[in-house]
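S.K.: Take this structure first; my questions come after.
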Amino acid sequence: MNARPIGIFDSGMGGLTVMRALMRALPHESFVYLGDTARLPYGTKSADTVERYAVQATGALMRRDVKLIVVACNTASAVALPALEKALAPIPVIGVVEPGAEAAVAAAQGETIAVIGTEGTIKGGAYLRAIRARAADAEIVQQACPLFVPLAEEGLIDGEIAELVAERYLAPVFAAAKPKALVLGCTHFPVLVPMLEKVIVRLGGDAMLVDSAATTAEAVSRRLSQNGLAQSTSAAPSYTFLATDAPERFARVGKIFLGRAPQDVDLVDLAQ
């Protein structure tokens with residue numbers, strides 16, 4: 001029996017898509033989710049700043065006695081994972097980039113892979129390196145989509161505004177290549193999938209959308225088993241939600257990402 005919770009953090013609410021997949025894959029596990037809503041988005045900030053924020057956020061989760069940490073933020077996974085692994089050892093730390101790259105290579109079947117994400121994730125090249133580590137000759141195109149995060153956070157996940165923004169970002173991708181797989185390189189992006197699929201068809205594309213949430217859940221499940229950390233009883237799990245700003249808004253908008261409204265969101269100060 002290991003009843004300690006799994007910690008999850010993201011710059012905001014996008015990581016709730018990963019938590020949703022984890023809850024489905026690991027129904028007996030408890031979770032503590034931290035959204036750094038006071039400082040989002042991470043994707044437009046420097047690597048040093050993101051690393052500092054990530055260390056502070058995971059430190060708050062460690063004070064909750066978590067047994068494993070999931071970095072449910074592509075930007076933080078891309079730039080801060082080595083620092084977090086060093087700072088938090090021996091607690092296992094799992095990011096979303098490596099599982100996402102693995103799923104992308106499988107979906108592309110040797111054809112072109114497109115990656116969309118925040119400015120920080122794209123500039124950092126983490127997906128480029130992770131995909132090439134698995135498929136050295138892979139043809140990869142990348143596109144930063146910084147406005148997708150505020151659109152998702154505001155609940156503007158479909159309609160004319162969202163579609164116009166998506167066309168602006170995706171038109172160059174599908175004009176330059178015909179990707180077989182399109183990696184959603186930000187945990188906010190899965191809620192945009194129906195809209196993105198519509199825009200891709202309009203652009204003449206036929207790409208499979210790759211969401212790293214499911215493959216991240218598989219990676220977490222494997223690590224729990226390997227480290228003897230899996231919850232071995234069927235006791236009712238607990239879910240704790242923390243936000244660094246506007247917990248009422250987190251509870252209201254979080255439903256878009258989690259599929260149900262987060263309950264009893266507590267305000268935390270990472271500077272303490």
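The numbers here are math on the coordinates, done by the rules we state, and not lab data. Just so it is clear, the model here is predicted, and its values are computed rather than measured. Every residue, glycine among them, receives a Cβ derived from its backbone with ideal geometry; neighbour counts consider all protein chains shown.
S.K.: FRET efficiency for Ala246 and Glu167, Cβ-Cβ distance as r, R0 = 25 Å, nearest 0.05?
M.R.: 0.25
S.K.: Helix-only mean residue ellipticity at 222 nm, the chain, DSSP H runs n ≥ 4 weighted -39,500 (n - 2.57), per residue, nearest 500. What is it?
M.R.: Working: 11 runs with 128 residues, N = 272.
Helix-only estimate at 222 nm: -14500 deg cm²/dmol.
S.K.: Oh, and also: What net charge is computed for the residues neighbouring Ala133, neighbours being all others with C-beta under 14 Å from the C-beta of Ala133, Lys and Arg scored +1, Asp and Glu -1?
M.R.: Once positives and negatives cancel, what remains is 0.
S.K.: Counting other Cβ atoms within 10 Å, keep those with at most 13, restrict to DSSP loop, and tell me which GluC sites (Glu not before Pro) in the stretch 113-193 are left. Can you show the working numbers first?
M.R.: Values: sites: Glu119, Glu139, Glu153, Glu154, Glu160, Glu163, Glu167; in loops: Glu139, Glu154.
In loop regions of the stretch 113-193 (DSSP not H, G, I, E or B), the sparsely surrounded GluC sites (Glu not before Pro) are Glu154.
S.K.: Can you tell me the orientation of helix 97-108 relative to the chain, as the angle in degrees between its alpha-carbon axis and the longest Cα principal axis, to the nearest 10?
M.R.: It works out to around 40 degrees.
S.K.: Just add up the charged neighbours of Ala54: K/R +1, D/E -1, any other residue whose Cβ is under 14 Å from the Cβ of Ala54.
M.R.: Value of the local net charge: -1.
S.K.: Would you give the gap between the C-alpha center of the stretch 225-272 and the C-alpha center of the stretch 171-215, rounded to a whole Å?
M.R.: 28
S.K.: Mind running the shape call on the chain? Use the C-alpha gyration tensor, a ≥ b ≥ c as the square roots of the eigenvalues: rounded below 1.5 for a/c, prolate if a/b tops b/c, oblate otherwise.
M.R.: Values: a/c = 1.68, a/b = 1.41, b/c = 1.19.
Note, shape of the chain comes out prolate.
S.K.: Please tell me which of these pairs span more than 32 angstrom C-alpha to C-alpha: Lys45/Lys86; Lys86/Lys180; Lys123/Lys180; Lys198/Lys255; Lys45/Lys67; Lys67/Lys180?
M.R.: Pairs exceeding 32 Å: Lys86/Lys180; Lys67/Lys180.
S.K.: Taking the chain as the reference, fit the longest principal axis to its C-alpha atoms, fit the long axis of helix 16-25 to the helix C-alpha atoms, and give the angle between the two in degrees, 0 to 90, nearest 10.
M.R.: 70
S.K.: Okay, next question. Where a ≥ b ≥ c are the square roots of the eigenvalues of the C-alpha gyration tensor, would you call the stretch 138-272 rounded, which needs a/c under 1.5, or, failing that, prolate if a/b is larger than b/c, or oblate?
M.R.: oblate
S.K.: For a quick protection proxy, order the peptides 221-232, 4-15 by their average other-Cβ count within 10 Å, most packed first.
M.R.: Most protected by this proxy first, the peptides run 4-15, 221-232.
S.K.: Still on this structure, please answer the following. Fully extended, how many nm does the chain gain between Asp158 and Asp48 (0.36 nm per residue separation, minus their Cα-Cα distance)?
M.R.: 36.2 nm
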